Each structure stands twice: as structure tokens, then as C-alpha cells.
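The values are calculated or read from the model by the stated rules, or taken from the named source; none is laboratory data. None of the values given here were measured: they were computed from a predicted structure. Here the Cβ positions follow ideal geometry from the backbone for every residue, glycine too, while neighbour counts run over all protein chains shown. These accessible areas exclude ligands, DNA and RNA; they are computed on the full protein's heavy atoms, side chains included. Shrake-Rupley method; radii C 1.70, N 1.55, O 1.52, S 1.80 Å.
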Amino acid sequence: MKLTPVEHQPIDSEFAVYDCEIRLKFRLIEEKQVLVSDRERLLEMLLDAFSYGADEFLEPVNVQVEAAEVPEMQASPQMRRQLIRLRNAREVV
């Protein structure tokens, strides 16, 4: 008996999986010791600074944002489970 793979049926949903890419380049005036701290804290601080917008301490140089929907099978199992939860929660309401 020959088995054939089951084709993934697209689901019409309000939710989708996206690949998102953000490239930020900006100039920032900051104390020297602040920028040599751990990488995660540094990223959080830089994103906070950028989210407040340009001022006398921050100058955007280049900003690029891209988002593209991808097949949900490319998402991790955890993200696919979350999609199922979101879809099921919408059906209950």
C-alpha cells in the first residue's frame, strides 16, 4: 500500500505568521559605560530610545521595515500551537 502525503489545506483565518525584518541605523548620544553592558540590555535600551523618536540625543540615519506572510508550517511548533489556540478562541466567542 502506497501512502501519499496529506497536503496542507490553507485555513481562512484572521491570524497569520509573518517574517519581519527591521533594520535601524541611528546616532545616539549616551554615556560610554551604558553601551558596553550586556547585549540584551543594550538592545532593549536602544529600542526604547528609538521608540521615543528623534530628539537632540537621537538621530535616525536609515530605517527599513519589511514583513511578509509565510506558510504557517514554517513556524515553530510553539507558534503553530498558539495559532490553533487563537483560532479556537475566536470560534468560541
Measure of exposure for residue 47: accessible area at 1.4 Å probe, Å² rounded to 10, is 90
How are the C-alpha pair distances of the range 24-93 spread across 10 Å bins, as whole percents from the shortest bin up? 15, 28, 21, 24, 10, 0
Could you state how much accessible area residue 57 has, in square angstrom rounded to the nearest 10, with a 1.4 Å probe and all protein chains kept in place? 100
Can you sort 52, 18 by 1.4 Å-probe accessible area, starting with the largest? 52, 18
Summed residue charge, Cβ within 15 Å of residue 70's Cβ, Lys/Arg positive, Asp/Glu negative: -4
